[in-house]
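This report concerns only the one structure given below.
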Amino acid sequence: MTFTISSPSLPHSLNLDNVRPQIKELQSELVAWRRRIHQKPELGFQEKITADFIAEKLQEWSIPHQTGIAKTGIVALIEGAKPGKVQAIRADIDALPIQEANEVPYRSQHDGKMHACGHDGHTAIALGTAYYLAQHKADLHGTVKIIFQPAEEGPGGAKPMIEEGVLKNPDVEQIIGLHLWNNLPLGTVGVRSGALMAASERFSLKISGRGGHGAMPDQTVDSIIVGSQIVNALQTIVSRNINPLDSAVVTIGEFRAGTNFNVIADSAFLCGTVRYFNPKLESLIPQRLETIVAGICESHGASYDLDYQQLYPATINDPKVAELVRSVATEVIETPVGIVPECQTMGGEDMSFFLQQVPGCYFFLGSANPDKGLAYPHHHPRFDFDETVLAMGVEIFVRCIEASGK
Ligand SMILES: [Zn+2]
Ligand SMILES: [Zn+2]
């Protein structure tokens with residue numbers, strides 16, 4: 001099978017002139033760290049080798065840090081010599097259960113696991129930021145926490161890290177994070193005020209009817225008929241219950257029922273996901289969903305068992321911090337067309353939990369380079385990104401810290 005490489009068509013330029021020499025010098029190290037992490041991918045809450053590597057580096061640089069937060073999370077603390085704000089940078093460190101199809105020398109050495117979302121790059125950028133700031137403590141205003149978070153791809157490491165006090169003592173006043181983004185070309189930044197990514201929810205539904213002979217439907221309650229009507233009717237939540245100016249998605253990703261051509265299925269199992277930006281939809285969607293399921297089941301004499309889980313809330317940026325990131329990014333990439341102001345995705349992110357606690361901004365750093373064949377989408381077995389982006393990520397983080405430290 002051949003895959004077409006998507007080619008982001010946005011005009012861009014990659015001007016590394018604005019990356020300071022000390023960060024440019026770090027580039028080969030950033031690549032080496034990223035590749036080392038890439039070779040040993042680990043799933044959520046199993047990031048042992050990754051966490052050991054991070055801790056080893058922090059130790060080597062004499063940066064105080066705490067390990068074992070939410071199992072495999074780490075927080076580094078860099079105290080500037082000058083007074084100022086307490087800021088945080090967050091990077092996720094986990095990989096995905098995907099078999100890597102790339103044949104690069106640094107490909108995954110762990111069967112069935114892969115850094116297919118770029119979190120290896122996030123970790124390298126955060127390490128580079130920690131290193132640079134620690135080297136420049138004499139000029140640094142305030143305190144910076146670098147948060148290395150496990151399990152973003154699930155079940156979620158942000159919430160347990162917050163519960164274990166990662167934002168306290170000293171209390172974080174502002175937080176910034178980034179996602180390398182192959183939907184945008186290298187040399188671009190996607191940032192906006194308000195919702196950047198959607199709330200992510202999951203439901204599973206068991207419909208219990210009454211099985212029987214395929215030729216005698218009158219003696220049965222056909223769970224496939226009931227399930228099909230539910231699949232159709234659930235689409236009216238988006239099309240008829242939600243303001244058309246609000247975006248939302250209801251997807252049924254799984255529908256299992258039946259065993260044979262002449263048997264009416266006794267039960268059916270459906271499962272799906274719900275996405276939306278507007279936090280006001282948090283209760284409306286699950287309520288409508290259950291009302292529809294209950295009504296259709298009742299009208300057919302079936303019963304149901306519904307499990308609805310709200311996984312991650314929407315990722316909502318603070319307007320002031322988003323403006324800070326936007327202006328810093330404009331300075332670094334020096335091209336206004338490279339700033340994508342209305343960049344949004346229905347994908348979810350547990351950075352959202354941090355942003356519920358303190359004002360901050362999450363942004364996308366364009367990392368695709370179709371000319372080098374580096375433009376496969378995230379979570380694809382051939383995902384990879386242009387590593388030139390690593391130094392740029394450090395420069396943007398460092399400038400944001402410097403700009404709001406005082
Ligand atoms: Zn991902
Ligand atoms: Zn990701």
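Identify, by number, the condition in (1) without any contact (Cβ under 8 Å) to a residue 12 or more places away in the chain; (2) of a type outside the set (S, T, N, Q); (3) touching a His at 6+ places or on another chain (Cβ under 8 Å) that LEU365 doesn't meet.
With (1) without any contact (Cβ under 8 Å) to a residue 12 or more places away in the chain; (2) of a type outside the set (S, T, N, Q); (3) touching a His at 6+ places or on another chain (Cβ under 8 Å) applied to LEU365, the lone miss is (1).
Name every residue in the stretch 178-211 that is in a loop (DSSP other than H, G, I, E, B) and among the polar types (S, T, N, Q), in order of residue number.
Of everything in the stretch 178-211, those that are in a loop (DSSP other than H, G, I, E, B) and among the polar types (S, T, N, Q) turn out to be THR188, SER193.
Quick check on my filter: what residues within the stretch 33-78 are surrounded by fewer than 19 Cβ atoms within 10 Å (Cβ to Cβ) and within 22 Å of HIS379 (Cα to Cα)?
Correct list: ARG35, ARG36, GLN39, LEU43, PHE45, GLN46, LYS48, ILE49.
Is it the case that ALA95 is over 28 Å from GLY405 (Cβ atoms) and more than 14 Å from ligand 2 (Cβ to nearest atom)?
For ALA95, the condition - over 28 Å from GLY405 (Cβ atoms) and more than 14 Å from ligand 2 (Cβ to nearest atom) - is not met.
Let's see how each residue does on (1) among the polar types (S, T, N, Q); (2) out of contact with any Cys (no Cβ under 6 Å at 6 or more places or on another chain); (3) surrounded by fewer than 18 Cβ atoms within 10 Å (Cβ to Cβ):
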residue	(1), (2), (3)
CYS343	no, yes, no
SER352	yes, yes, no
GLN357	yes, yes, yes
PHE363	no, yes, no
GLY366	no, yes, no
TYR376	no, yes, no
PRO381	no, yes, yes
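Just for the stretch 212-232: of the residues that are small (Gly, Ala, Ser) and part of a helix (DSSP H, G or I), which one is farthest from GLU153 (Cα to Cα)?
SER223
Quick check on ASP92: is it closer than 23 Å to PRO377 by Cβ and out of contact with any His (no Cβ under 9 Å at 6 or more places or on another chain)?
Considered against the rule, which asks whether it is closer than 23 Å to PRO377 by Cβ and out of contact with any His (no Cβ under 9 Å at 6 or more places or on another chain), ASP92 comes out as no.
Looking at (1) more than 16 Å from ligand 2 (Cβ to nearest atom); (2) closer than 30 Å to CYS343 by Cβ; (3) of a type outside the set (Phe, Trp, Tyr), can you tell me which one ARG210 breaks?
Condition (2) is where ARG210 drops out.
Taking the stretch 148-177, which residues are aliphatic (A, V, I, L, M) and in a loop (DSSP other than H, G, I, E, B)?
ALA151, VAL166, LEU167, VAL172
I need the full set of residues from the stretch 109-125 which are of a type outside the set (D, E, K, R) and within 16 Å of ligand 2 (Cβ to nearest atom), in order please.
Listed by number, the residues that qualify are MET114, HIS115, ALA116, CYS117, GLY118, HIS119, GLY121, HIS122, THR123, ALA124, ILE125.
Would it be correct to say that GLY301 is touching a residue at least 60 places away in the same chain (Cβ under 8 Å), among the small types (Gly, Ala, Ser) and surrounded by fewer than 19 Cβ atoms within 10 Å (Cβ to Cβ)?
When the stated conditions are applied, GLY301 passes them.
Take the residues in the stretch 138-171 that are surrounded by 23 or more Cβ atoms within 10 Å (Cβ to Cβ) and among the aliphatic types (A, V, I, L, M), then tell me which one is farthest from TYR312 (Cα to Cα).
Here the residue is VAL144.
Has the stretch 127-147 got at least one residue that is among the polar types (S, T, N, Q), away from ligand 2 (no atom under 16 Å from the Cβ) and more than 22 Å from the chain's Cα centre (by Cα)?
yes
Closer than 20 Å to THR123 by Cα, in a loop (DSSP other than H, G, I, E, B), touching a residue at least 60 places away in the same chain (Cβ under 8 Å) and more than 16 Å from ligand 2 (Cβ to nearest atom): which single residue out of GLU395, GLU342, GLU387 fits that description?
GLU387
Mind counting the residues in the stretch 311-323 that are outside any loop (DSSP other than H, G, I, E, B) and buried (at least 20 other Cβ atoms within 10 Å of the Cβ)?
Residues flagged as outside any loop (DSSP other than H, G, I, E, B) and buried (at least 20 other Cβ atoms within 10 Å of the Cβ) within the stretch 311-323 amount to 6.
Computed from the coordinates by the stated procedures, all read-outs in this text should not be read as laboratory data. In this text the structure is predicted, and so the values were computed from the model without any measurement. With ideal geometry, Cβ positions are generated from the backbone for all residues, glycine too; neighbour counts draw on all protein chains shown.
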